[in-house]
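Read the structure below first, then the notes.
Values quoted throughout were computed directly from the atomic coordinates according to the rules given, and no laboratory measurement underlies them. Because the structure is a prediction, the values reported are computed rather than measured. With ideal geometry, Cβ positions are generated from the backbone for all residues, glycine too; neighbour counts draw on all protein chains shown.
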Amino acid sequence: MSLTAGIVGLPNVGKSTLFNAITNSQVLAENYPFATINPNVGVVEVPDKRMDDFVELFHPKKTIYTTFEFTDIAGLVKGASKGEGLGNQFLANIRETDAIVHVVRCFDDSNIEHVEGSVDPIRDIEEINLELCLSDLDTVQNRISKVAKKAQTSKDKDAVAEYTSLQKFEKLLEAGTPVRLGDLEDFDRDVLKNYGLLTSKPVIYVANMSDEEIGDPESNAYYQKVKAFAANEGSECIAICAKMEEELSSLDKEEKAAFMQDLGIAQSGLDKIIRAAYHLLGLRTFFTVGKPECRAWTFHEGMKAPQCAGIIHTDFEKGFIRAEIYSYEDLMEYRTEQSVKEHGKMRLEGKEYLMKDGDVVFFRFNV
């Protein structure tokens, strides 16, 4: 289960620089044979200290972290939803993503031209949001034209429900309001799943600032405005320096850690974006560990043991018998699986067990 996010923003806001950092950090293709990496797609590992600890204990032959996939699109401009600029060519590429990463310029630099002639992050956000709304409005109105007659002339409950939801979406989008901010019922959300509307996706606003200011982002007035805007709509805002991220991405782990320590930074901006997206989408991680391989697996909060077994292989879910589980914390305390068992911390769980973040698991199955 790969987490995916689409990166949007105006030209010259630092979007390409951030994406360069992502592609420089890209995972080796041989570890992920099913990931087709296109020129505008970057796949990076999800950082997890627990995996580092497992590697130290087991010294596995192979280590596989969970992954995060970014899809980049050309800088959007006014009229992109109607075909202006290059952005419209790529909007379809991010309809299947899980979340939107919206990069906003929060720095002054006379050497880097702003398409609007001045730096104004809220204006920029609203401009991009409007283009996304207009793109979604086109999708919604096209669908309305196809279901309206059936909904109005028949008693087909599904058609009527879909038509009702679509009219609600249309009203929101015509007002320039992202669908995710509307007062939606459960059946509206069910209808939404069919269309991949851009404005229905959760958003992380990324405030890109200079390397001089990233050490104390709270002192950046532009960042304060973006953070307030994000909070008002229930979104997250993360301060980064895309230029610094690009520099960090060229370093190995030891060099990167030393560089960040010198700067007084605990986490890279890219790591913060990934962790924020995990939290936003209700994602968690379970592990399979041992000498041959230590591997992290992503699952949605609320999934039961057989469903998580199915993430590894469909046969595991079909023939699920039980799961042998212990926690990351218990392994760190007792240091070996044998010691975990001897202290009674290894549990046998059945089909109704709700998986927890940090579970280390071995699935028993029979097909």
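Odds and ends about this structure:
- Placed amide H near residue 322: partners under 5 Å, 5+ positions off or other chain: 364
- Within the chain, antiparallel bridges make up roughly 50 percent of the DSSP beta bridges whose residues both belong there.
- Residue-span extension gain [residue 212 to residue 279] - 0.36 nm each, minus C-alpha spacing: 21.2 nm
- Scanning the chain for long hydrophobic helices, with DSSP H runs required to stretch 18 angstrom or more by C-alpha along their axis and to average at least -0.5 on the Kyte-Doolittle scale, returns 121-153.
- Using bins of 10 Å that start at zero, the share of Cα-Cα pairs per bin across segment 195-315 amounts to 11, 30, 30, 22, 7, 0, in whole %.
- Residue 219 paired with residue 108, simple spin-label distance in nm, labels 7 Å along Cα-to-beta-carbon: 1.5 nm
- Cβ-derived FRET efficiency at R0 45 Å, residue 193 paired with residue 24, nearest 0.05: 0.85
- Under 5 Å from the amide H of residue 95 lies no amide H of any residue 5 or more positions distant or on a separate chain, with H modelled from the backbone and absent for Pro and chain starts.
- Taking θ as phi - 60° and the Karplus parameters 6.51, -1.76 and 1.60, the scalar couplings of segment 333-342 work out to 6, 9, 6, 9, 5, 4, 5, 4, 5, 4 Hz in sequence order, x denoting glycine and proline.
- Only DSSP H runs of four or more residues enter the estimate; each adds -39500 (n - 2.57), and after division by the residues of the chain the mean residue ellipticity at 222 nm equals -12500 deg cm²/dmol.
- For segment 123-185, GluC sites (Glu not before Pro) meeting the loop criterion (DSSP other than H, G, I, E, B) and having at most 15 other Cβ atoms within 10 Å: 185.
- Over the chain, Cα pairs under 8 Å with separation of 6+ residues give a relative contact order of 19 percent.
- R0 of 22 Å, Cβ-Cβ distance residue 145-residue 96: FRET efficiency to nearest 0.05: 0.40
- Linear extension gain, residue 314 paired with residue 52, 0.36 nm per residue minus alpha-carbon span: 91.5 nm
- Restricting the calculation to Cα atoms, every distinct pair contributes to the Kirkwood radius of segment 302-365, found to be 11.9 Å.
- Taking the chain as a Gaussian network of alpha-carbon nodes connected by springs under 10 Å, the highest mean-square fluctuation of the residues 258, 242, 151 belongs to 258.
- Length gained on full extension, residue 324 to residue 126, computed as 0.36 nm times the residue gap minus the Cα-Cα distance: 66.3 nm.
- For the chain, modelled as a GNM whose springs connect Cα atoms under 10 angstrom apart, the maximal fluctuation among 155, 171, 351 occurs at 155.
- Given +1 at the Cβ of Lys and Arg, -1 at the Cβ of Asp and Glu and no other charges, the dipole of segment 127-195 around its Cα centre is 380 debye to the nearest 20.
- Of the GluC sites (Glu not before Pro) found in segment 217-253, the ones in coil according to DSSP and having at most 15 other Cβ atoms within 10 Å of their Cβ are 233.
- Ignoring lysines fewer than eight residues from residue 351 along the same chain, the ones with Cα atoms less than 17 angstrom from its Cα are 304, 318.
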